[in-house]
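**Student:** First the structure, which I've put down as structure tokens, then a few questions once you've had a look.
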Amino acid sequence: MARGLRLTEQAWPLLAGLAALAALVLFPLTLRPPVASPLAALVHLNERHLLANLAGCAVLGWLGWRARMGTAEALAWLLAWPLAQFALLLGPPLERFAGLSGWLHGGAALIAVSLLARTGRERLIGAVLLAGLGAKLLLEQPFAPPAFDPGWGFAPVPFAHLAGSLIGASLALLTRYWPLRTSRRQDP
């Protein structure tokens, strides 16, 4: 039997790669989707913004693969995409939103919380990831109105990071305690 990657092992990095590819394809277009639109996550405001999110896709794709995130976690991460966008309506008022950062933060939280349910070194890695993510979110002051950052050339939206993280963590718990059934139920 050939030792290849099964779909369950490929789903997470495939999702990260597809998001990166979609962002690359859409980058040359001048789009201005509504704030809560999932399409807004694929739009980037400049090259630096795009490159940062492409790097995030690569890192999370690799991290999810190394952490053995399965199909259920990949589907949860996919669901975090529109949920993180809709959650932006609960934060500070926004005239515009663009970028994958909320969804990427959701993926990081999903991995961290999933690792917490494991044992040994994996649990420790999950705890360190979650602590680092929590510290980052606190330092960003997510409930403050977005302020223009000359380094980025636009006003980053830290609330998107918080919303994505909370949604990712919640979906990780949901997949843990309400697992996706991949086999068909057999009646007696």
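**Student:** Of the residues Ala172, Ala84, Ala144, which exhibits the maximal mean-square fluctuation in a Gaussian network model of the chain defined by a 10 Å Cα contact cut-off?
**Tutor:** Ala144
**Student:** Using each residue's phi in region 52-59, evaluate 6.51 cos²θ - 1.76 cosθ + 1.60 at θ = phi - 60° and report the 3J(HN,Hα) Karplus result to the nearest Hz, with x for Gly and Pro.
**Tutor:** Once rounded to whole Hz, the list reads 4, 6, 5, 4, x, 4, 5, 5.
**Student:** Given that just one value was derived from the coordinates, which of [x] 20.1, 72; [y] 17.0, 65; [z] 16.9, 58 is Rg and Dmax of the Cα atoms in Å?
**Tutor:** [y]
**Student:** Please list, ordered by chain and number, the residues whose modelled amide H lies under 5 Å from the amide H of Phe154; skip anything fewer than 5 residues away on the same chain.
**Tutor:** Distant-sequence amide H within range of Phe154: Asp149.
**Student:** Any idea what angle helix 101-116 forms with the longest principal axis of the chain, computed on alpha-carbon atoms, 0 to 90 degrees, nearest 10?
**Tutor:** 30 degrees
**Student:** Could you please state how large a percent of the accessible area of the chain is carbon and sulfur, counting protein chains only and using a 1.4 Å probe?
**Tutor:** The value for the chain is 66 percent carbon and sulfur by accessible area.
**Student:** Could you point to the residue in Ser37, Leu90, Thr119 farthest towards the positive end of region 24-151's charge dipole, with +1 and -1 charges on the Cβ of Lys/Arg and Asp/Glu respectively?
**Tutor:** The residue sitting farthest along the positive end of the dipole is Thr119.
**Student:** Using a 1.4 Å probe on the protein heavy atoms only, what accessible surface does Phe148 show? Give it in Å² to the nearest 10.
**Tutor:** 140 Å²
**Student:** What accessible area, in Å² to the nearest ten, does a 1.4 Å probe give for Ser101?
**Tutor:** Accessible area, nearest 10 Å²: 20 Å².
**Student:** Just reorder Ile111, Ile125 by solvent-accessible area, largest first, 1.4 Å probe, all chains present.
**Tutor:** Per-residue accessible area, sorted high to low, gives Ile125, Ile111.
**Student:** Now for a separate question. Counting only heavy atoms of protein chains, what accessible area per residue, in Å², does region 68-144 have with a probe of 1.4 Å?
**Tutor:** 49 Å²
**Student:** Separate question: Run the helix sum for the chain: -39,500 (n - 2.57) per DSSP H stretch of 4+ residues, divided by residue count, reported at 222 nm to the nearest 500 deg cm²/dmol.
**Tutor:** After summing the helix terms and dividing by residue count, I get -20500 deg cm²/dmol.
**Student:** Set Lys and Arg Cβ to +1 and Asp and Glu Cβ to -1, take the dipole of the chain about its Cα centre, and tell me which of Gly164, Trp12, Ser101 lies farthest positive.
**Tutor:** Trp12
**Student:** Out of Ala147, Ala163, Ala112, any idea which swings most in a Gaussian network model of the chain, alpha carbons joined below 10 Å?
**Tutor:** Checking each option, the largest mean-square fluctuation is seen for Ala147.
**Student:** With charges only on Cβ, +1 for K and R and -1 for D and E, what is the dipole size of region 1-127 about its Cα centre, in debye, rounded to 20?
**Tutor:** For this selection, approximately 340 debye.
The values are calculated or read from the model by the stated rules, or taken from the named source; none is laboratory data. In this text, all values refer to a predicted model and were calculated from it rather than measured experimentally. Cβ atoms come from the backbone with ideal geometry, glycine included; neighbour counts cover every protein chain shown. With ligands, DNA and RNA removed, areas are computed over all heavy atoms of the protein, side chains included. Shrake-Rupley method; radii C 1.70, N 1.55, O 1.52, S 1.80 Å.
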